[in-house]
Amino acid sequence: MKRYRIALIPGDGIGKEVVPAGRQVLEAVAGAESGIGFEFEGFDWGGDYYRAHGAMMPDDGLEALRGQNAILFGSAGDPGIPDHITLWGLRLKICQGLDQYANVRPTRILRGIDAPLKRCRTEDLDWVIVRENTEGEYSGAGGRVHQGFPIEAAMDVSLMTRAGVERIQRYAFRLAASRPRKRLTVVTKSNAQRHAMVMWDEVAAEVAGDFPEVGWDKELVDAMTARMVNRPASLDTIVATNLHADVLSDLAAALAGSLGIAPTGNINPEQAFPSMFEPIHGSAFDIMGQGVANPIGTFWSASMMLDHLGEPEAARRVMEAVEYATADPKLHTRDLGGAATTAEVTEAVCARIAAGAGRPLATA
Ligand code: IPM
Ligand code: MG
């Protein structure tokens, strides 16, 4: 039996509801004759921790995470604390501190989900967005001077390094090569941003030389939004800067039916540090505490985590159970137009995993 150490960081808002649901699903997989087990360690970091200790996580928090095999994260964000403090104090601190430089965001229209694009067939939309996750527009470089005076000045510097750009392009080309269509779209804005984005394009062209099997093209980020809506089938793997991919991945999630479904992995591809998996929906304070949050984004993230740990069969089982649930409108939460609760969806997914114990589950 292989045992994995998993850190659970629910964080704030509905993170406190969906992460326990994700743990239940992992426990169901562990019980289902999969040959794997988990040791969970919970961390109460986030807004409440900040109010008690003046920081989102302790100084030695990263040390506590280094020994884990992976991290399941909920969300960071608190209505009483400025967003840049919650974000930089927890999620970005972990992503940068553990060098999780590849943020991977798959999008598909899951079975039974009604997607808004009228002319889009399910098979037309099967994308993975690779988001640069440690530098670019989120580098944190910049400053603010003369606050409150008319001469006040502020800047956020988008810092790109050749090493940082090359490693994310290489990751994206490798991922594209591993997918059936072997197709990569490099998102850019080098028409207007004439320094870093031009280097981004040049590095992409250089890396492409090592992947002759991958068909690739370049798209400006503004035109990309229109292409995602008008020609979804022309896209497969997509690589973009930190901010561009942030925006494009919300559009992708909405086009696939709901932000409540979308998963992500913050990956350290070299496995020198644990990677972190999370739903992309955020803390959603408007619905917190009501038990109606959609846990599917967390379950899909848990499936990505299993894949990353080298357990593709367990990962597939979770996704089979997830699509079993999404196929049933009675198991749709409010964001999907239904009335199911977090607990009902979680129970259904866990029961499905348990029912499939010991035998491969059908995927069609
Ligand atoms: C995401 C989120 C975050 C981001 C927010 C919460 C700062 O939108 O994961 O996409 O921009 O990275
Ligand atoms: Mg976002």
Quick one: dipole size for the stretch 223-306, taken about the Cα centre, charges +1 on Lys/Arg Cβ and -1 on Asp/Glu Cβ, in debye to the nearest 20. 220
Using only the alpha-carbon atoms of the stretch 24-68, report the extent along each of the three principal axes, biggest first, to the nearest angstrom. 44, 20, 8
Helices from the chain with mean Kyte-Doolittle at least -1.0 and a Cα length along the axis of 15 Å or more, per DSSP H: which? 15-31, 162-178, 196-208, 242-255, 296-308, 312-326, 342-355
Above 19 Å lies some portion of the pair distances; for the stretch 130-263, what is it as a whole percent of all C-alpha pairs? 54
With just the Cα atoms defining each centre, how far is the stretch 1-22 from the stretch 264-303? Give it in Å. 9
What relative contact order, as a whole-number percentage, does the stretch 82-159 give when Cα pairs under 8 Å and 6 or more residues apart are counted? 26
Find the relative contact order for the chain and round it to a whole percent, using C-alpha pairs within less than 8 Å whose residues are 6+ positions apart. 23
Peptides ranked, highest mean first, by Cβ atoms within 10 Å: ranges 189-202, 25-38: 25-38, 189-202
In whole angstrom, and with the biggest value first, how far do the Cα coordinates of the chain range along each principal axis? 60, 52, 40
Hey, what did the stretch 34-103 get for relative contact order, percent, Cα under 8 Å, at least 6 apart? 30
Looking only at Val322, Val145, Val214, which one moves most when the chain is put into a Gaussian network model with springs between Cα atoms under 10 Å? Val145
Please work out the Cα center distance from the stretch 69-83 to the stretch 105-160, rounded to the nearest Å. 17
For Lys218, give me every one of the aspartates and glutamates with a C-alpha distance below 14 angstrom, ignoring sequence neighbours fewer than eight places off in its own chain. Asp201, Glu202, Glu206, Asp236
If eta is 1.306 mPa s and T is 10 °C, what Stokes-Einstein diffusion coefficient results for the stretch 221-327, Kirkwood Rh from Cα pairs, in µm²/s? 103
Kirkwood hydrodynamic radius (C-alpha pairs) into Stokes-Einstein, the stretch 1-103, 20 °C and 1.002 mPa s, D in µm²/s: 149
Which of Ile14, Gln100, Tyr171, positive extreme of dipole for the chain (C-beta unit charges): Tyr171
Size of electric dipole in the chain: Cβ of Lys, Arg +1 and of Asp, Glu -1, about Cα centre, debye, nearest 20: 860
Here D for the stretch 87-201, in µm²/s, from Stokes-Einstein with a Kirkwood Rh over Cα pairs at 4 °C and 1.567 mPa s, works out to 76
If you put +1 on each Lys and Arg Cβ and -1 on each Asp and Glu Cβ, how big is the dipole of the stretch 1-134 around its Cα centre, in Debye rounded to 20? 480
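Throughout, read-outs are computed from the coordinates displayed, never taken from laboratory work. It should be emphasised that the depicted structure is a prediction, and the values quoted were computed from it without experimental measurement. Note: ideal-geometry Cβ built from the backbone for every residue, glycine included; neighbour counts use all protein chains shown.
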